[in-house]
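The values are calculated or read from the model by the stated rules, or taken from the named source; none is laboratory data. In this text the structure is predicted, and so the values were computed from the model without any measurement. Cβ atoms come from the backbone with ideal geometry, glycine included; neighbour counts cover every protein chain shown. Only protein heavy atoms, including side chains, enter the accessible area calculation; ligands, DNA and RNA are left aside. Shrake-Rupley method; radii C 1.70, N 1.55, O 1.52, S 1.80 Å.
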Amino acid sequence: QVQLVESGGGLVQAGGSLRLSCAASGGTFSSYVMGWFRQPPGKEREFVARITGSGGSTSYADSVKGRFTISRDNAKNTVYLLMNSLRPGDTAVYYCAAGRVWVATMSAYTDWGQGTQVTVSS
């Protein structure tokens with residue numbers, strides 16, 4: 001089991017950028033697939049991006065492809081989500097999650113952070 005703590009959320013104008021961080025503790029970080037998910041107000045939680053344990057492969061939801069970048073620093077036990085060209089539709093609570101399987105399905109991720117709010121104003 002791994003404990004996850006997100007940070008970096010906030011209020012930003014449309015077109016701006018934010019970088020989210022997720023610090024992990026209590027497990028072998030490099031052995032986990034890490035994912036970012038988000039839950040817009042009044043909607044279900046959805047997949048945003050994922051990265052393999054080595055960082056060698058990434059995958060993105062179509063809605064964020066070309067604007068968001070997931071990365072990780074295994075020496076710091078941290079995964080990041082750089083979000084550029086933000087839109088009001090990106091407003092959501094963003095969660096990081098850890099899993100063992102290379103899928104985008106939420107149920108495959110066993111450990112979750114508490115979430116960080118991202119609000120994009122128009």
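Each row is one residue, and each column tells you yes or no for (1) within 13 Å of L20 (Cα to Cα); (2) free of Cβ contacts under 8 Å to residues at least 40 places away in the same chain; (3) among the aromatic types (F, W, Y).
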residue	(1), (2), (3)
F68	yes, yes, yes
N74	no, no, no
Y80	yes, no, yes
V93	yes, no, no
W102	no, no, yes
S107	no, yes, no
T110	no, no, no
T116	yes, no, no
S121	no, no, no
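Could you go through segment 90-101 and let me know if any residue there is in contact with a helix residue (DSSP H, G or I) (Cβ under 6 Å, 6 or more places away or on another chain), of a type in the set (A, V, I, L, M, F, W, C) and farther than 17 Å from S7 by Cβ. First the steps, then the outcome.
Filtering segment 90-101 down to residues in contact with a helix residue (DSSP H, G or I) (Cβ under 6 Å, 6 or more places away or on another chain) leaves 99, 101.
Those left that are additionally of a type in the set (A, V, I, L, M, F, W, C): 101.
Among the residues that remain, those that are also farther than 17 Å from S7 by Cβ are: 101.
Yes; the residues of segment 90-101 include at least one that is in contact with a helix residue (DSSP H, G or I) (Cβ under 6 Å, 6 or more places away or on another chain), of a type in the set (A, V, I, L, M, F, W, C) and farther than 17 Å from S7 by Cβ.
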Give segment 89-102 a look and list any residue that's under 14 Å from the mean Cα position of the chain (by Cα) and farther than 19 Å from G26 by Cα, or say none.
-> D90, T91, A92, V93, Y94
Give the residue that is nearest to A61 (Cα to Cα), with candidates limited to residues of segment 7-35 that are aliphatic (A, V, I, L, M) and open to solvent by 10 Å² or more (accessible area, probe 1.4 Å).
-> V33
Looking at segment 84-109, which of the residues that are closer than 23 Å to G53 by Cβ and out of contact with any strand residue (DSSP E or B) (no Cβ under 6 Å at 6 or more places or on another chain) is surrounded by the fewest Cβ atoms within 10 Å (Cβ to Cβ)?
-> S107
Can you tell me which residues in segment 53-83 are open to solvent by less than 70 Å² (accessible area, probe 1.4 Å), charged (D, E, K, R) and within 19 Å of G15 (Cβ to Cβ)?
-> R67
Looking at segment 16-46, which of its residues are farther than 16 Å from G115 by Cβ and out of contact with any Leu (no Cβ under 7 Å at 6 or more places or on another chain)?
-> S25, G26, G27, T28, F29, S30, S31, Y32, V33
So which of R38, R50 ends up being in contact with an Asp or Glu (Cβ under 8 Å, 6 or more places away or on another chain), within 21 Å of G9 (Cβ to Cβ), among the charged types (D, E, K, R) and buried (at least 18 other Cβ atoms within 10 Å of the Cβ)?
-> R38
